[in-house]
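Shown next, in structure tokens, is the structure this report addresses.
All of the numbers you see were taken from the coordinates with simple rules; none came from a lab. These figures come from a predicted structure and were not determined experimentally. Note that each Cβ is placed from the backbone with ideal geometry, even for glycine, and that neighbours are counted across all protein chains shown.
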Amino acid sequence: MSDVNMNLGNSSDAQNYYINDEGIPICKTCGHPLRIRQKLLGKEYLLPVMCECRRKQLEEDEKRRKEAEAREKIETLRRNSLMDEMFAESRFEKVVRTTYNVKALKIAHRYCENIDKMIETNQGMLFYGNVGTGKTLLAACIANELLDKGYKVIMTSIIKALDALGYGKDNDGYIQNINSADVLILDDFGAERKTDYAYEVVYNIIDSRYRAKKPLIITTNLPFSELTHRGDLKTDRIYDRVLEMCYPVEIPGISWRMMMAKERYEKSGKTILNGGD
Ligand SMILES: Nc1ncnc2c1ncn2[C@@H]1O[C@H](COP(=O)(O)OP(=O)(O)OP(=O)(O)O)[C@@H](O)[C@H]1O
Ligand SMILES: [Mg+2]
Ligand SMILES: [Zn+2]
């Protein structure tokens, strides 16, 4: 019979076995054999088999490896998402629900839950409303939720995109990169300066996304009436595509920034600033 000790040398629990009456090494932990007897061409061999605990350990190693791989993938997606640090921690759970945002929140939630269908049908979204109502916040929540799920999301603003593009720059490369995203989020649509150049760039970005047949999410301060108003070819051809790609959702209300500033003032500023008077 072959030397059992030698053969078990590289087992992680090499010493954790005994030889039973039939000469088979048995794992002391799980009681399963570490060898089976097998006849081959008239000769008898002891062939290695995995005991239960070894198999479980390998399974766990594999699970841990896959989890690390998934984490690494998400970190890479996050690094490449172009997202503002400020919104890195934005999550649906943290958004304060108000009568103003409840509908948009529900839609945004549903969008994420049904993301495969949304991607398949090239369905985007357009959050519009007054300044500071939480449009960027909601878009960032969608971005983070989808990044966590392992989708490639790029979230940038029209102004940043305009900065990245220009004469002598790798315009094609930039547009190709943002279009590689499963979901592209363009913040502050319409906030760019109203120059022919800016319109041309915005048109290029929107049209290339349109042709890529991939979802686009936009936030804008532009009133809906302006997006639907026709008459200026420069904007018509942009807005027309946007409205075809993006389901419009209004986030009404007043500015959170103003509310927060007021609250801050009420809490501490009031006494400090008016103190001594
Ligand atoms: N429902 C909410 N719960 C908690 N914080 C909120 C909520 N809505 C907005 N905020 C906060 O208020 C600030 C303004 O929100 P945000 O930037 O999303 O507004 P916006 O609609 O994109 O504004 P703008 O039109 O100027 O781009 C942010 O700091 C955001 O985190
Ligand atoms: Mg915003
Ligand atoms: Zn075992």
Legend entry - 20 Å reach of a label modelled at Lys213, 7 Å along Cα-to-Cβ, counting backbone N of the range 100-116: 115-116
Inset, instruction - Quickly estimate the mean residue ellipticity at 222 nm for the chain, helices only: each DSSP H run with n ≥ 4 gives -39500 (n - 2.57), and the total goes over all residues, rounded to 500. - result: -14000 deg cm²/dmol
Legend entry - Point-to-point label distance, Arg237-Met259, nm (Cα→Cβ direction, 7 Å offset): 4.1
Legend entry - Gap separating the Cα centres of the range 243-277 and the range 210-240, nearest whole Å: 28
Legend entry - Percent of Cα pairs exceeding the 26 Å cut-off, where the set is the range 132-277: 35
Inset, instruction - Let me know the charge dipole size of the chain about its Cα centre in debye, to the nearest 20, where only the beta-carbon of Lys, Arg (+1) and Asp, Glu (-1) is charged. - result: 380
Legend entry - Part-to-part distance (alpha-carbon centres) for the range 19-96 and the range 105-182, which is given in Å: 36
Inset, instruction - Would you please give the FRET efficiency between Glu120 and Ile74, computed as 1/(1 + (r/R0)^6) with r the Cβ-Cβ distance and R0 = 25 Å, to the nearest 0.05? - result: 0.70
Legend entry - Dipole axis of the range 33-115 (+1 Lys, Arg; -1 Asp, Glu on Cβ), positive-most option in Leu34, Phe92, Leu58: Leu34
Legend entry - Linear extension gain, Tyr247 paired with Lys152, 0.36 nm per residue minus alpha-carbon span: 32.2 nm
Inset, instruction - For Lys169 and Lys28, compute 0.36 nm times the residue count separating them, minus their Cα-Cα distance, and round to one decimal in nm. - result: 44.1 nm
Inset, instruction - State, as an integer percentage, the relative contact order of the chain based on alpha-carbon contacts under 8 Å between residues 6 or more apart. - result: 19
